[in-house]
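Data first, discussion second: the structure below is written as structure tokens.
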Amino acid sequence: MEHGPVVRRRKLGAELRALRTSAGITSGEAARMVGWHQSKVSRIETGTSGSKPADVRLLLDAYRVSDAQLRELLLTLAGADGDGGRHHWWHAYRGVLPPTYRDFISLESQASAMRTLETTVVPGLLQTPRYARAVTRAAADGLPDERLDALVEVRLARQDVLRGSPPLRLSAVLDEAVLRREVGGPEVMACQLQRLVEAARLPHVRLQVLPFTAGAHIGVTGPFVIFSFSSTSDLDVVVLDHLTSSLHLERKEDLEAYTEAFNALRHHALSPDDSLEFIAATAAGA
């Protein structure tokens, strides 16, 4: 079984390989030290196979890694103590979800905070069931009802991260087009806008609207998500969605660039209080 998203498996594997090399141990010697076949060590180091936290502890002990912060980082990469009780529920939908979507959900389930720019639709974590169904049907035209139902179930199940203990901290900047685009008809849209009003009042949710009057902005290049993790900033990752795939950015330069972009968008957007009023007015038809 694979453990964790591909992007984090690769990062973990590279770190473990560097530690083994630094310790002057070959992959074959490492395998013998922990009682494995050499191929398992190789699969972990290349990220082609996942590793359980217990496996990582064995390797760290074998490499005599005593740095507590480094051990915590690598164990978090392996998924230790990061699920908040949400243990890979999406595996039940493996036949429905593409690998990139499973990776996204895994990151979302383990993150402590999420910053997102949305330019076309309401963030998935804040969608009502009817809105989610309309968006999913539009994005996957011709999909059988059974498969459509499963995708909507996944979309709604993801929202549990906002009800966890502690809940995911969500900061979202919504282009005004998100509020104006009528998805599923007037009734569905009215309910969705009311849901946004309710969400904006939650202490761990920060919604800001970027009005049309703000003109062109750095977000015109497209939506993005920044995931942050409580144990260390070294795990932060930017996710860019495309039609058939997702791109994960982990380089420090990329993270800094997108963090600066998000801060700029927040600066140009309405304040949370003014955004709440704006959403409420839009819902009222003003």
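Brief remarks follow.
- Taking the chain and dividing mean pair separation by its residue count, relative contact order in percent (alpha carbons under 8 Å, at least six apart): 18
- Max mean-square fluctuation residue, GNM over the chain, Cα-Cα springs under 10 Å, options Ser275, Ser112, Ser165: Ser165
- Protein accessible area in the chain, 1.4 Å probe - carbon and sulfur %: 52
- The mean accessible area for residues of the range 178-286, using a 1.4 Å probe and ignoring ligands and nucleic acids, is 54 Å² per residue.
- Identified option (computed mean projected area of the Cα convex hull in nm²; candidates [x] 18.3; [y] 16.0; [z] 13.9): [y]
- Entry note, the chain: the mean residue ellipticity at 222 nm calculated from DSSP H runs of n ≥ 4, each adding -39500 (n - 2.57), is -15000 deg cm²/dmol after division by the residues and rounding to the nearest 500.
- Comparing Pro211, Pro53, Pro98 in a Gaussian network model of the chain (Cα springs below 10 Å), the most mobile by mean-square fluctuation is Pro98.
- The simple Förster model, with R0 at 41 Å and r as the Cβ-Cβ distance, assigns Val220 and Glu29 a FRET efficiency of 0.15.
- Anchor Lys252: lysines whose Cα lies under 29 Å away (excluding residues fewer than 8 positions away in-chain): Lys11, Lys52
- Averaging the sequence gap over all C-alpha pairs within less than 8 Å and six or more residues apart, then dividing by the number of residues, gives the range 119-255 a relative contact order of 23 percent.
- Just checking the listed ones, Thr76, Thr136, Thr26: in the Gaussian network model of the chain with Cα springs under 10 Å, the one fluctuating most is Thr26.
- Those residues of the range 247-267 whose amide nitrogen sits under 18 Å from the label point placed on Ala14, 7 Å along Cα→Cβ: 247-258
- Counted as membrane-span-like here are DSSP H helices of the chain whose alpha-carbon atoms extend 30 Å or more along the helix's own axis and whose Kyte-Doolittle mean is 1.6 or above; there are none.
The values are calculated or read from the model by the stated rules, or taken from the named source; none is laboratory data. It should be emphasised that the depicted structure is a prediction, and the values quoted were computed from it without experimental measurement. A quick note on method: Cβ atoms are made from the backbone with ideal geometry, for glycine too, and the neighbour counts reach across all protein chains shown. Accessible surface areas use protein heavy atoms only, side chains included; no ligands, DNA or RNA. Shrake-Rupley method; radii C 1.70, N 1.55, O 1.52, S 1.80 Å.
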